[in-house]
1. Taking B:F491 and the conditions (1) at the interface with chain A (Cβ under 7 Å from one of its Cβ atoms); (2) touching a residue at least 24 places away in the same chain (Cβ under 8 Å); (3) within 26 Å of A:E512 (Cα to Cα), which numbered condition does it fall short on, given that it satisfies the others?
2. In region B:383-442, what residues are small (G, A, S) and either within 14 Å of another protein chain (Cβ to nearest Cβ) or closer than 22 Å to B:L279 by Cα (or both)?
3. Quick one: what pairs do we get from region B:254-266, first residue under 27 Å from A:Y256 (Cβ atoms) and within 11 Å of chain A (Cβ to nearest Cβ), second aliphatic (A, V, I, L, M) and assigned to a loop (DSSP other than H, G, I, E, B), C-beta under 9 Å, 6+ apart or different chains?
4. For region B:132-151, give me the residue count where each residue is surrounded by fewer than 21 Cβ atoms within 10 Å (Cβ to Cβ) and more than 10 Å from chain A (Cβ to nearest Cβ).
5. Give the residues of region B:378-410 that are small (G, A, S) and either under 13 Å from B:S347 (Cβ atoms) or touching a strand residue (DSSP E or B) at 6+ places or on another chain (Cβ under 8 Å) (or both), sorted by residue number.
6. Looking at this structure, is A:V262 crowded, with 22+ Cβ neighbours inside 10 Å and in a loop (DSSP other than H, G, I, E, B)?
7. In region B:280-301, is there at least one residue being modelled with pLDDT of 95 or more and in contact with a Lys or Arg (Cβ under 6 Å, 6 or more places away or on another chain)?
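The values are calculated or read from the model by the stated rules, or taken from the named source; none is laboratory data. Just so you know, these numbers come straight off a predicted model, no measurement behind them. Heads up, the Cβs are rebuilt from the backbone with ideal geometry, glycines too, and the neighbour counts pull from every protein chain shown.
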There are 2 protein chains.
Amino acid sequence: MIRNVIMNAPTATFRSINPSTGQTLNTDYPSQGLEDVEKACHLAAHAFPIYRESSPDLRAAFLELIAENIIGLGDQLIQMASAETGLPVARITGERARTVNQLRIFADVVREGSWADIRIDHAMPRREPLPRSDLRLRKVGLGPVAVFGASNFPLAFSTAGGDTASALAAGCPVVLKAHPAHAGTSLLVASAIRSAIEACRLHEGVFQHLTGQGNELGTLLVNDSRIKAVGFTGSRAGGLALVAVAAARREPIPVYAEMSSVNPVFLMAGALRDRAAMLGEAFISSLSMGAGQFCTNPGIVFAVDGPDLTRFEQAAIEALSKTRAATMLTAGIHRSYETGVERIASSEGVEQLARGCASEGVNQGQGAIFATNAEVFRKNSELREEVFGASSVIVRCPNVETMVALARDMEGQLTSTLHLADEDYDDAKQLLPVLEDRCGRLLVNGWPTGVEVCHAMVHGGPFPATSDTRTTSVGSMAIDRFLRPICYQDFPDSLLPTSLKEENPLKFPRREA
Amino acid sequence: MIRNVIMNAPTATFRSINPSTGQTLNTDYPSQGLEDVEKACHLAAHAFPIYRESSPDLRAAFLELIAENIIGLGDQLIQMASAETGLPVARITGERARTVNQLRIFADVVREGSWADIRIDHAMPRREPLPRSDLRLRKVGLGPVAVFGASNFPLAFSTAGGDTASALAAGCPVVLKAHPAHAGTSLLVASAIRSAIEACRLHEGVFQHLTGQGNELGTLLVNDSRIKAVGFTGSRAGGLALVAVAAARREPIPVYAEMSSVNPVFLMAGALRDRAAMLGEAFISSLSMGAGQFCTNPGIVFAVDGPDLTRFEQAAIEALSKTRAATMLTAGIHRSYETGVERIASSEGVEQLARGCASEGVNQGQGAIFATNAEVFRKNSELREEVFGASSVIVRCPNVETMVALARDMEGQLTSTLHLADEDYDDAKQLLPVLEDRCGRLLVNGWPTGVEVCHAMVHGGPFPATSDTRTTSVGSMAIDRFLRPICYQDFPDSLLPTSLKEENPLKFPRREA
């Protein structure tokens, strides 16, 4: 009894765990609560009106300095992130490059100015029947943004990741809730941001950092009336919980939750005939990246049944059988993965084609591929659900029409992929309108893992892939999520914000009429 | 008892009422229900994939033909709208011009193509460490949109109003729920849209029209899984109810509800000294437009107390005393207005300055202006609430700092207005950051009634003025509400949508990198 009481008592601190050894790391992180949320939001709200109006050059320099400071953390950051996530040093190093690149892209975006969507309708004092006023529109930051660190990208989707970079670029202060599994990594990155704040002489409230376990801290944060938007990447349950909290506020606020996706891949007949074995290998390579812990992991493969599909499956079986197990991010994620794989393996009408190599270590995710037919797949909605990790189901279809019908039954997705030869274009044209309606990114002859940070990227999609299909969380368009328009009517030039002044001192692009 | 049962039984039809006579008009409109909603949404969902991909020229021609057909309805439409709303013929004629102009602006917007936000990141096959794919982004329609007709603009914010025009421009079919107070007007406009659909050989599901009284029909509509967004202009209670219905769906959808605003006006010392009397008259003119039934009606006036303010008040009193009563839209709106005015009149510390002329007719809204001091205003939150109609409260402040403090206490607004002389700029600079945070449009030396349909207009604002501060319901930016981005990766040119093909056949503007 006494033991129980002690275990349930609120812990003042927590520690992170090295998932590749199972050992608890030896730093204590505070379990923060209401008072800390209050303080962080208070500072963020005070920083907002100043930071919102900071010059594009200052904001861009700030983002670039964060990038520089992250690089300056050196090996310490790489080692910490690798220890806390079990992800290999090479992967973390690559992710750091991506994170830093992302901050620099947003610095360019801030300076270029299209984000402000400047529109000027000049006065027409002699228009009949009524004169027209001078009307000028700019977009400004929404207000303080709550960002949640994501377990699977400790750098690129966490503390100084895409949500933070785009919110800061938009002129919004960020209150960051660290993912508890990599609290140490998060604090290191936070220190890089804080140094940049000091060097740029910005208000300390521009970035605030909170640590804690469980859901309470995040709920408190999203409930704070000073928070005006939320960025989240994670599970469907977690995302939907935050959406519900935000919708129940007196003032509902937007939640940009990127939640789950099975990223269907469609192998068309011509492509299979031309390169079944190559595709089978490439499939396993995409499936296994990062122990399958990518939002864009190819979780379902649709193809017309026949000898070419058999060749694809054989190549995939062979490749997976040689694929080493990989450490998963946390013991909990590893357990969920194994449960998910067992659920599929024991489903009626589902055949387990192969598992990856076994491993002696802890939290080792062993890839898994399954096959079933269209009839079984249609009836068993569990097969359509995401198993977070390197698990995928191949659905053998009698014909293209069945593939189209199954695509129609799909929920919203981040991506869909088509493998095509020239002769498959007519079949593809049947699928495309259905897929456009159900996903944010469509790929031809590629694999969905690997998300380019650029202007044309969409990392988003219809519900339940995300909570807001109008947006993307990767690429320069991500900044639009944190902006709102204001119109200025008949303002004297000296009272206009700089971006709207007649002589255009910021050289922002303008739409004039 | 028997009488009660009959009264509660579902009525199969309803009639609209002429508010200026109180007489029921002699046409029966069906009270539609679930079956009708099902049918409308079914048709809209079937129309969507075809209409979404319709060429910009076809969509623009369709919008222009709707405009032409509305004009073609001639006097019949003007008479019907005037009879159902009590608004004078001249006002309805002006509103028709605005509605038709709005449709034509959206036709131009569709053809010009910026709305599609085309972005092309060309492939970089030799980039190190990894090649870049060819990535192309376009925006497409969200899906079928539910639009609610608004009582106060039977044409410009109703059946073929801004929400419908922008949704159709975006490639989204519309299911319109007519406002029951002007069902006849709505059906006439719907017939103009249907003729345009036939002439353009579009799918009949592109526009569907529903009639009914009470809230049930709208709730059923917003709950239909095929509806992907909602446009609404009306009361706060109505808007929040729809927001709640949309948030409780399995797939939550965006609701663009424009709800309520008191549109504060700040009279600065220099402006009052220079032109107090002129401002007083202009204030009453803005307040009385359309019997005060504008979303942008100036419901609160803040000014520094003193002899100049007294001159302003006297001019306003004189002007209002000569202002004729005007028919309000419905008996219910008139009752609410009178209740609101009585509530303010009986508030402690509030002085009634004047009422407009009385009238013998039914549903006659008589303007009302009140005055109070900053202390009373701060303590009585009821004084900050919208009274829909020509009622306004003048708040006499001891100094500019008090005006800033009261501005800080305000809820989100559609507009805020400053009346300034050159010497007031420093005072204005104290107010502006506070107002920018709390409203969608800021005006200098004008009046908030009268909303220009142009590129730079924002008819929106922070909650509770609207449910989504990221958007506007008037002006070309309104189209953004009904769009979502899709990215195409490494597509062969022949499978790309027309707007993304390499040679740019639509000549849409592109952002290329």
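1. (3)
2. Those that are small (G, A, S) and either within 14 Å of another protein chain (Cβ to nearest Cβ) or closer than 22 Å to B:L279 by Cα (or both): B:G389, B:A390, B:S391, B:S392, B:A407, B:G412, B:S416, B:A421, B:A428, B:G440.
3. As it stands, the answer is B:P254/B:L142, since those pairs meet every condition given.
4. 0
5. First pass over region B:378-410, keeping only residues small (G, A, S): B:381, B:389-392, B:405, B:407.
Result: B:S381, B:G389, B:A390, B:S391, B:S392, B:A407.
6. It is true that A:V262 is crowded, with 22+ Cβ neighbours inside 10 Å and in a loop (DSSP other than H, G, I, E, B).
7. no
For (1) in contact with a Gly (Cβ under 6 Å, 6 or more places away or on another chain); (2) aromatic (F, W, Y); (3) over 30 Å from A:A248 (Cα atoms), each residue gets a yes or a no:
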{"site": "B:A247", "(1), (2), (3)": "no, no, no"}
{"site": "B:M259", "(1), (2), (3)": "yes, no, no"}
{"site": "B:V262", "(1), (2), (3)": "yes, no, no"}
{"site": "B:E281", "(1), (2), (3)": "no, no, yes"}
{"site": "B:G290", "(1), (2), (3)": "no, no, yes"}
{"site": "B:F302", "(1), (2), (3)": "no, yes, yes"}
